[in-house]
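Beneath this line is the structure, given in structure tokens, with notes to follow.
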Amino acid sequence: MRRPWTPTFGFVNLRRDVQDLRELARLAPGAAVATAYGHITAALKELLAEDGDREPEQHDAPALAQAAANRGLVTDRLVDTVYGLTVLKDVGLHGGAGTGLSVEQANEYIDLVGAALYVLHSSRGEHRRMDTTN
């Protein structure tokens, strides 16, 4: 039987990571949200490194996304998405390390992160700079 194609983003196997994050969400929803967000940051750092920026000055995901957009590696829409994911993460984790988050909320966040990672992967696979005028 042929295995379905699973996009990878460097160390991130999207399907496997989403499954692992869902398992973590059952035990610790806040930890799952924080870990999922870490994947976004790592993916952006990797994208910039592939473009020659091995030590980006920025360290937070929104600034990394903006740096990638400035280089034409991602669209402004992806920058907005990363900013939105940052706000959601901060709001969700505000109450005592995420203890107020439900498993369902954590899984919804994981789905959003998975979609953003897929877009990042797709932009890398194109091997061209993105048109950011849209």
Just one listed residue, out of Glu57, Glu23, is closer than 18 Å to Ala106 by Cβ and among the charged types (D, E, K, R), and it is Glu23
Looking at (1) modelled with pLDDT of 55 or more; (2) over 19 Å from the mean Cα position of the chain (by Cα); (3) within 18 Å of Asn70 (Cα to Cα), find the lone condition where Asn134 falls short.
(1)
Which ranges mark the helices (runs of 4 or more DSSP H) fully within the stretch 11-109 that have 1 or more residues being of a type in the set (Ser, Thr, Tyr) and closer than 16 Å to Ser122 by Cα?
76-93
Take the residues in the stretch 81-121 that are in contact with a strand residue (DSSP E or B) (Cβ under 7 Å, 6 or more places away or on another chain) and modelled with pLDDT under 90; name whichever of them is surrounded by the fewest Cβ atoms within 10 Å (Cβ to Cβ).
His121
Quick one: in the stretch 23-50, of everything that is surrounded by fewer than 16 Cβ atoms within 10 Å (Cβ to Cβ) and in contact (Cβ under 8 Å) with a residue 40 or more places away in the chain, which residue is nearest to the chain's Cα centre (by Cα)?
Glu50
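Yes/no per residue for (1) of a type outside the set (Lys, Arg); (2) touching a Leu at 6+ places or on another chain (Cβ under 6 Å):
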{"residue": "Leu48", "(1), (2)": "yes, no"}
{"residue": "Asp53", "(1), (2)": "yes, no"}
{"residue": "Glu57", "(1), (2)": "yes, no"}
{"residue": "Leu64", "(1), (2)": "yes, yes"}
{"residue": "Gly72", "(1), (2)": "yes, no"}
{"residue": "Lys89", "(1), (2)": "no, no"}
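The values are calculated or read from the model by the stated rules, or taken from the named source; none is laboratory data. The structure presented is a predicted model; accordingly, all values stated were derived computationally and were not measured. In this analysis, Cβ positions are derived from the backbone assuming ideal geometry, glycine residues included, and neighbour counts consider all displayed protein chains.
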